Amino acid sequence: MPLLDESALQQSLQEITSKYGAIQGCLHLQKRELQDADAEQLLFQSFLLAKHLKKHLADEYSSGRPFFVVISQMDGSLGMGEKQTAPSMRGQAGLVKSLQKEWPRVLCRLVDLDPNFGEKDVTEKILQEIMDPDLSLAETAYLGQERRTLEIDSVNWSNKPSQELDKNKVFLVSGGAKGVTAECIIRLAQIHPARFILTGRSKIIEEPEWAKGLENGDLQQAAIESIRQSGEKPTPPKVRDLMASIESNRSLGTNLQRLRSLGAEVEYLAVDVTDEKGLRKALAPLQKKWGPVEGIIHGAGVLADKRIENKTYQDIQRVYQTKVAGLKTLLKVIDEKKLSHLVLFSSAAGFFGNAGQSDYAAANEVLNQYALQFSQTHPECQVVSFNWGPWEGGMVDEDLKKMFEKRGVYVIPLESGTNLFTECILNPPEEPLLVVGSTMGLPESSMPRNEDSIEIRRVLKSEKLPVLQDHRIGENAVLPASFAQSWMESTCQKINPGLKLTQCTDFKVLKGIVFNSELQDSYNLSLKKISSESDDAIKLEAKISSTHGSKSRFHYSCQLELEPQDQGSIDENPEYGDCDIKTENPVDGKAFYENGTLFHGPAFQGVKQLLRQDESGLLLSCNLPRLEASELGSFSRNTFSPMFLDLGYQAMLIWARNNYDCASLPLAMKHSKHFMEPFPEQEFFISLDVTDHNSNRVTGNIVFHDKDSTVFSKMEGAEVTLSKKLNSIFASA
């Protein structure tokens, strides 16, 4: 099939549907070893396939499991390993993650298989991925039998002192005369003036007499009159274009002047960054004058935002090549051996995907791959690829900022972003890929799945959950109730992209999961739609069970409610009310883990102080240690930390022991709602209000909040069951 010939591709798809019926999915296979030019062609083929399959997979297909899955065999690590693969192969990830945002009901995924896999393993893993109910996971990999994905982590910033830049150091900066890139260069020059060669497509022109000294409305009227005098009709597009050229020219000139006023030496080259011959010719006299380029800052980029079905091949080429071919050109026209800094302006749209920006996302993922590989082959060069989220100012006005905030997207303040850029130049992070900001938001569509019920199987093994070695009762590790609740909540969120979880109700521990000889190989999570107040909002009944012979044993249950993510404004964290967190006689939290009140090991020991306690409840100061994703296994990707929620039940165990001298275990919870969670190692507080109690049970309401009474989460009607038989077991733990 000639995939780059759109008319032939459409004809082929029509013939397939006429002969075989509806297209249920697309499996795009890539060879194990590819030259980058071939990988680039395959990427463009994927774009056109997705463009013309959109109506088949996302519009017309109404049941079952439509999928768009790309299979590669890069290194079993999604290109993040030490094996050097064709960088353009990573572009598939940007495409797939953007399709995931545009097609929330379609399984969109890049799967990278171990190059050593044979036919049987490849077939098995492909089938496993196609049947995965988790629509939120856009890329997976297998190295051996270990299943992996990519996660972001907080920066491990080095403590070494900031570098001093030689004032004669030469930086070649693409797209550096305007916008965010210019602001970053100006901030750097404020601290360390250097030599900057800025490139851009705009030419510096002499401003026409009619525009000089005019701003805003006056400039617009003068532009209209200028167009009239030229004999043309002053249409709005013509007026906008003429004004934009004047404003662009002014911005360029102003920024050059700002840099020179800071003591920097600056030259501007009006040349397309993808034009190797033109750039080499323009650069030659400057390198002869100043010396070789020692730093590259690649900030050039163009946008052609459209959903996949509306993109043209020319759109894709232009957006992609400005980033990717632009970088290749910059590296070709300088001596790589002299390079001390390679700084790339990538985008969070690449790492997370973004609706309407599939080409931009793909290009930036390839940029990230070049950064990773360059840092491996040139360890003496300081490489940073900034995956920027949207910035304040410029393209993000107040209305657009509100839209981003509504979708949960952090907008980077100009001062914070430029300061971070400068810090990374002077004191680079250890890893070359840096995500700045938050995710690019949830899928724009809010379509719940059509199924009335779904069942998901998960294998639970204690060796895959190392953190559970710190949650043992007697000789056996036990799954915390909070893990079960978090599992059910996260799964319903993941299989309903575009919806947000609003509350969990009627959570019950029916028979806890103990990691002993009776442990089953796998557990089933069933989600059943029980009501819907509207076409979009849904209510689900969730149950976790296992099979014993021919019988089912139920372990946990709850009900979950979801509504469209974009319905109304973002939930604001409620205030807990007046809460005095001061105390004269705090009790060290270590005492409860040492005297048998609590059985939890170090990973779960988040209670730091008991600040206050009486017959009506207590107040705790808490924080949680920072854990590696490997310690939490599959629970590391949950939308709300189960470790955090477990501390609420610990608060009840402390109150029960102090008032009844009884150990206790979680039993149920009537209602919970999450707003946000604190960062690891951040202090927060738990307020327990006991509403009912006797020698058998304690019931209460739990609020997680900060020192300013902003609520992180709340649990109402939480219940624990008391048993003196557990006292000795807790004490031994």
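Filtering the stretch 172-196 to residues that are assigned to a strand (DSSP E or B) and surrounded by 24 or more Cβ atoms within 10 Å (Cβ to Cβ) leaves L172, V173, S174, F196. Taken together, the criteria exclude N476 from residues that are assigned by TED's automatic domain parsing to the domain that holds A537, over 30 Å from G176 (Cβ atoms), modelled with pLDDT under 80 and touching a strand residue (DSSP E or B) at 6+ places or on another chain (Cβ under 9 Å).
Taking the stretch 559-581 as the range and being touching a Leu at 6+ places or on another chain (Cβ under 9 Å) and modelled with pLDDT of 65 or more as the test, the residues that pass are Q559, L560, E561, L562, E563, P564, C579, D580, I581.
Which one is farthest from Y360 (Cα to Cα), of the residues in the stretch 74-117 that are polar (S, T, N, Q) and touching a Ser or Thr at 6+ places or on another chain (Cβ under 9 Å)?
We begin by selecting, within the stretch 74-117, every residue polar (S, T, N, Q); these are 77, 84-85, 88, 92, 98, 100, 116.
Keeping just the survivors that are touching a Ser or Thr at 6+ places or on another chain (Cβ under 9 Å) gives 84-85, 92, 98, 100.
Details: Q84: 23, T85: 21, Q92: 12, S98: 10, Q100: 15 Å.
Here the residue is Q84.
Checked against the criterion of being free of Cβ contacts under 8 Å to residues at least 60 places away in the same chain, hydrophobic (A, V, I, L, M, F, W, C), surrounded by fewer than 16 Cβ atoms within 10 Å (Cβ to Cβ) and out of contact with any Lys or Arg (no Cβ under 7 Å at 6 or more places or on another chain), the stretch 242-258 contains one or more residues that satisfy it. Taken together, the residues in the stretch 91-104 that are farther than 13 Å from Y320 by Cα and of a type outside the set (V, I, T) amount to 9. The residues listed here are R228, R250, R258; of these, the one that is more than 18 Å from K178 (Cβ to Cβ), assigned to a helix (DSSP H, G or I), modelled with pLDDT of 90 or more and of a type in the set (K, R) is R228. Just one of the numbered conditions (1) within 21 Å of C26 (Cα to Cα); (2) within 19 Å of the chain's Cα centre (by Cα); (3) acidic (D, E) is not true of D153: (1). Any chance the stretch 81-100 includes a residue that's outside any loop (DSSP other than H, G, I, E, B), in the same structural domain as G144 (by TED's automatic domain parsing), crowded, with 18+ Cβ neighbours inside 10 Å and out of contact with any helix residue (DSSP H, G or I) (no Cβ under 9 Å at 6 or more places or on another chain)? Within the stretch 81-100, one or more residues are outside any loop (DSSP other than H, G, I, E, B), in the same structural domain as G144 (by TED's automatic domain parsing), crowded, with 18+ Cβ neighbours inside 10 Å and out of contact with any helix residue (DSSP H, G or I) (no Cβ under 9 Å at 6 or more places or on another chain). The residues on offer are L53, L57, L29, and the sole one that is loosely packed, with under 15 Cβ neighbours inside 10 Å and either of a type in the set (K, R) or over 23 Å from A325 (Cα atoms) (or both) is L29.
Working only within the stretch 600-634, note down all residues that are in a strand (DSSP E or B) and either among the aliphatic types (A, V, I, L, M) or not assigned by TED's automatic domain parsing to the domain that holds I686 (or both). Reasoning before the result, please.
Residues of the stretch 600-634 in a strand (DSSP E or B): 607-614, 617-622.
V607, L610, L611, L618, L619, L620, listed by residue number.
Of all residues in the stretch 195-211, exactly one satisfies the criterion of being aliphatic (A, V, I, L, M) and touching a Phe, Trp or Tyr at 6+ places or on another chain (Cβ under 6 Å), namely L198.
Results for (1) surrounded by 18 or more Cβ atoms within 10 Å (Cβ to Cβ); (2) not acidic (D, E), shown as yes or no for each residue.
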{"site": "S672", "(1), (2)": "yes, yes"}
{"site": "P678", "(1), (2)": "yes, yes"}
{"site": "D689", "(1), (2)": "no, no"}
{"site": "V698", "(1), (2)": "yes, yes"}
{"site": "K707", "(1), (2)": "no, yes"}
{"site": "V711", "(1), (2)": "yes, yes"}
{"site": "V720", "(1), (2)": "yes, yes"}
{"site": "S732", "(1), (2)": "no, yes"}
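The set of residues in the stretch 470-497 being assigned to a helix (DSSP H, G or I) and either touching a helix residue (DSSP H, G or I) at 6+ places or on another chain (Cβ under 7 Å) or under 19 Å from G648 (Cα atoms) (or both) consists of D470, A481, S482, F483, A484, Q485, S486, W487, M488, E489, S490.
The values are calculated or read from the model by the stated rules, or taken from the named source; none is laboratory data. Bear in mind the structure is a predicted one, so any value in this text is a computation, not a measurement. We place every Cβ from the backbone using ideal geometry, glycine too, and count neighbours over all the protein chains shown.
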